[in-house]
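These notes concern the structure reproduced below.
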Amino acid sequence: MSMNLERSKHLNYLNKLGQGQDELDFWLKEHLHVSAIYWSCMSYWTLNKKEELQKEQIVSFLLSCLTESGGFACYPGHDDHITNTVYAVQVLLMLDSLDRIDRDKVASYIINLQNEDGSMKGDRWGETDARFLYAGINCLALLGRLDMLNKSAAIDWILKCRNFDGGFGLCPGAETHAAYVFTCVASLAILKQLDSIDQDLLGWWLSERQTKNGGLNGRPEKLPDSCYGWWVLSPLAIIEKLEWIDRNGLISFTLSAQDQETGGFSDRREDIPDVYHTCFSLTALSLLRYPDLEPIDARFCLPLEVTKKYNL
């Protein structure tokens, strides 16, 4: 098993994504197409291969997913959703193409999803949790329209998701989970409200996610998973406590999740790779300062080069 990053194999894996449109599997994953474009773009960029992105093809597809509401769907002909909207806006920003959309219309779509209590719906059907509020805050910041948000209500709702252990759940009263810790902490960082939380207590809970094999889990007593390298490390990076975990142990676990034949990362060793785990394994390695990877802004999960360029 290689303990080096298999860069060429990962690039080969990424280059093959999107092929096989005559296969059933391709069409069964329509609901993930915009997400997969973001995960792919982040993977290329983290590997310092952004020049291999087919900019116009990507932008054209994303624009075909833009709906009359101002939000983006996962694929042409599907309903809009805030998750697809933030992914699309992130990619358009990375590709210097935000001028191809009506920013005010997209921002209005997001604001119309905010509830009176400060939370945010994922779409018009009303499901609400911390992921969607983070997506809205992230997106509004990228669009330069954060002033449209009811910030005080949003902050109050986020803080209601906080638990006795210092972490955050998907909604008030829900169990602490690393992914929701990221969404809540990153939201507070974008809104410049990190002083509202006990960062030492939060850092303790996050560092306790490291298991004996070096990997990280999302909750106590769960198996480690390569994607939690991102969900746990990113809030640790935001509160400047990355040194609270065993760096070498996590690098070793993450590299063990590489597929030595096809490239790409899986959740853990010997499972099947996918673009989601590939993206968040690479971005985690970047936060760990693995050599020759593009630095990532933990607040937005975007290349630091991009967020600096746009003064975010």
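A few comments on the model shown:
- Charge dipole (Cα centre; +1 on Lys/Arg Cβ, -1 on Asp/Glu Cβ; no other charges) of the chain amounts to roughly 560 debye.
- Taking each DSSP H run with n ≥ 4 as -39500 (n - 2.57) and averaging over every residue of the chain yields -14000 deg cm²/dmol at 222 nm.
- Here the gap between Asp198 and Arg219, fully extended at 0.36 nm per residue and compared with their Cα-Cα distance, gives a gain of 5.7 nm.
- His31 contributes an accessible area of around 100 Å² to the protein surface, as traced by a 1.4 Å probe with all chains present.
- In Å², nearest 10: area of Glu175 left accessible to a 1.4 Å probe: 110
- Matching label, Kirkwood radius over Cα pairs in Å computed from the structure shown, candidates [x] 19.7; [y] 22.6; [z] 20.4: [x]
- Applying the Karplus relation 6.51 cos²θ - 1.76 cosθ + 1.60 with θ = phi - 60° to the range 46-56 yields 3J(HN,Hα) values of 5, 7, 6, 10, 4, 5, 7, 6, 8, 3, 5 Hz, where x marks Gly and Pro.
- For the pair Arg103 and Glu68, label points projected 7 Å from Cα toward Cβ lie 2.7 nm apart.
- Full-extension gain in nm, Asn15 to Lys309, via 0.36 nm per residue minus C-alpha separation: 103.1 nm
- A straight Cα-to-Cα reach below 17 Å connects Lys241 with the aspartates and glutamates Asp165, Asp195, Asp198, Asp200, Glu208, Asp297, residues fewer than 8 places away in its own chain not being considered.
- Among 134-141, 42-49, sorting by the average number of other beta carbon atoms lying within 10 angstrom of each residue, highest first, gives 134-141, 42-49.
- Simple spin-label estimate for Gln260 and Glu52 in nanometres, 7 Å along Cα-Cβ: 2.2
- Whole-number percent relative contact order across the range 7-309, with pairs defined as alpha carbons under 8 Å at least 6 apart: 17
- For Met120, the amide hydrogen comes within under 5 Å of the amide hydrogens of Asn115, Asp129, Leu133, counting only partners 5 or more places away or on other chains and with H modelled in the peptide plane.
- Solvent-accessible area of the range 7-309 (1.4 angstrom probe, protein heavy atoms only): carbon and sulfur portion equals 48 percent.
- Backbone phi angles across the range 295-301, fed through the Karplus curve with coefficients 6.51, -1.76 and 1.60 (θ = phi - 60°), yield HN-Hα couplings of x, 10, 7, 5, 5, 10, 6 Hz in residue order; Gly and Pro are listed as x.
- For Ser152, the solvent-accessible surface computed with a 1.4 Å probe is close to 80 Å², ligands and nucleic acids excluded.
- Solvent-accessible area per residue, Å², over the range 102-205 with all protein chains present [probe radius 1.4 Å]: 42
- Length gained on full extension, Thr211 to Arg124, computed as 0.36 nm times the residue gap minus the Cα-Cα distance: 27.3 nm.
The values are calculated or read from the model by the stated rules, or taken from the named source; none is laboratory data. If you're wondering where the values come from, they're calculated on a predicted model, not measured in any experiment. All Cβ positions, glycine included, derive from the backbone under ideal geometry; neighbour counts span all protein chains shown. Ligands, DNA and RNA are excluded from the accessible area calculation, which covers all protein heavy atoms including side chains. Shrake-Rupley method; radii C 1.70, N 1.55, O 1.52, S 1.80 Å.
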